[in-house]
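The values are calculated or read from the model by the stated rules, or taken from the named source; none is laboratory data. The shown structure was predicted, so the numbers you read here are calculated from the model rather than taken from an experiment. No Cβ is skipped: glycine too gets one built from the backbone with ideal geometry, and neighbour counts run over all protein chains shown. To get the accessible areas, we keep the full protein, side chains included, count just its heavy atoms, and leave off ligands, DNA and RNA. Shrake-Rupley method; radii C 1.70, N 1.55, O 1.52, S 1.80 Å.
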Amino acid sequence: MKTTEPPAPVPAESGVPLTEDGPPSRAPAGEPRTKREGGVLNVFSHGILAIWAVMVALPLVWAVMTSFKDDASIFGSPWSLPDELHFENWSRAWTQAHMGDYFLNTVLVVGGSLVGTLVLGSMAAYVLARFEFPGNRFIYYLFIGGMSFPIMLALVPLFYVVNNMGLLNTIHGLILVYIAYSLPFTVFFLTAFFRTLPGSVAEAAFVDGASHSRTFFQIMLPMARPGLISVGIFNFLGQWNQYMLPTVLNTDEDKHVLTQGLVQLAVSQGYKGDWSGLFAGLVMAMLPVLAAYVVFQRQVVQGLTAGALK
């Protein structure tokens, strides 16, 4: 009677343990190297981002810290923390340097122009994105061409146009100019965004008897909220920091905006030596922009990536 002998064990290689199913499968030769290179690249990219974050945040933190110092501490120990918080710097800049008046003028101009830009830009973008008619592409490329037109070339004719219309040195005149200046980018951005929205929703509203205006304001516009917030933040940043247009079109000191007030404060306080008041005014102009981006940063990212995720 023959007995079946078990198969001879396969000798294990040096450093490779045996399993019940035989020797383990080897990983591809290039996998450890790929992981190592990916780790090095990850560390390098994080290091660059950390350096960039320090370069951006350090001047902001230093400006806020300096706004609470007195003039002697600014020059004696510029990098140290303030020994005492001098809140009178802010009150002096707000009242004596008229930063409060400049801030109010800026809020009126930027608020009115931002609302007008978003309303008019969204209406034009919706029509260009959803309806086909003769001249559609021509009007669209006309808006795109406005983005490439340098504002420096339009300052002189723009001054005479605004002056002939009786809008020179007025708040509403500056609002209209800001709207015209911001419309090309707004229409370009929102046209691409409206094309990503589902058209079946608008068609269902038309079937239910909704008009074009009701469909736009009650259905499509709320759906475009991420895009509106994104383009609104970009327009807010550009209009809040605008200096060239108000300098040419707004020469009345009582109607100066914040950027003009900062330049005037820098010139006047530079001769007086009130550097603490100057830094306080600088931080006042900077805080609304930072607050707007911190509050809406998630919506900005959603609006920028909405078209790519479709």
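Within 15 Å, Cβ to Cβ, of VAL187, how many net charges do the neighbouring residues add up to if Lys/Arg are +1 and Asp/Glu are -1? So the environment of VAL187 carries a net charge of +3.
The base-10 log of I(q)/I(0) for region 57-141, evaluated at q = 0.12, 0.16, 0.20, 0.24 Å⁻¹, reads -0.63, -0.77, -0.96, -1.09 [Debye formula, identical scatterers on Cα atoms, solvent excluded].
Each label was represented as a point 7 Å from its Cα along the Cα-to-Cβ direction; for VAL289 and PHE206 these points are 4.3 nm apart.
Residue ranking by accessible heavy-atom surface, 1.4 Å probe, largest first, among TRP94, TRP52, TRP62 comes out as TRP52, TRP94, TRP62. The listed residues ARG214, ARG195, once ranked by accessible area (1.4 Å probe) with the largest placed first, stand as ARG214, ARG195. Surface composition of region 97-246: carbon plus sulfur atoms hold 71% of the accessible area, using a 1.4 angstrom probe and ignoring ligands, DNA and RNA. Once Rg and the Kirkwood radius are both taken over the C-alpha atoms of region 145-284, their ratio Rg/Rh works out to 1.13. For the residues ASP83, ASP71, a 1.4 Å probe over the protein chains yields an accessible-area ranking, largest first, of ASP83, ASP71.
Between ASN136 and LEU85, the FRET efficiency estimated from the beta carbon spacing at R0 = 41 angstrom works out to 0.10.
In a fully extended conformation the segment linking ALA63 and THR251 would gain 64.8 nm over its present Cα-Cα distance, using 0.36 nm per residue.
For region 201-257, the equivalent ellipsoid derived from the Cα gyration tensor has semi-axes of 40, 13, 7 Å, listed largest first. Plainly put, region 97-183 has a radius of gyration that is 1.06 times its Kirkwood radius, both from alpha-carbon atoms, as the Rg/Rh ratio.
Using a 7 Å offset from Cα along Cα-Cβ at MET147, what residues in region 109-125 end up with backbone N under 17 Å from the label point? Those under the cut-off are 118, 121-125.
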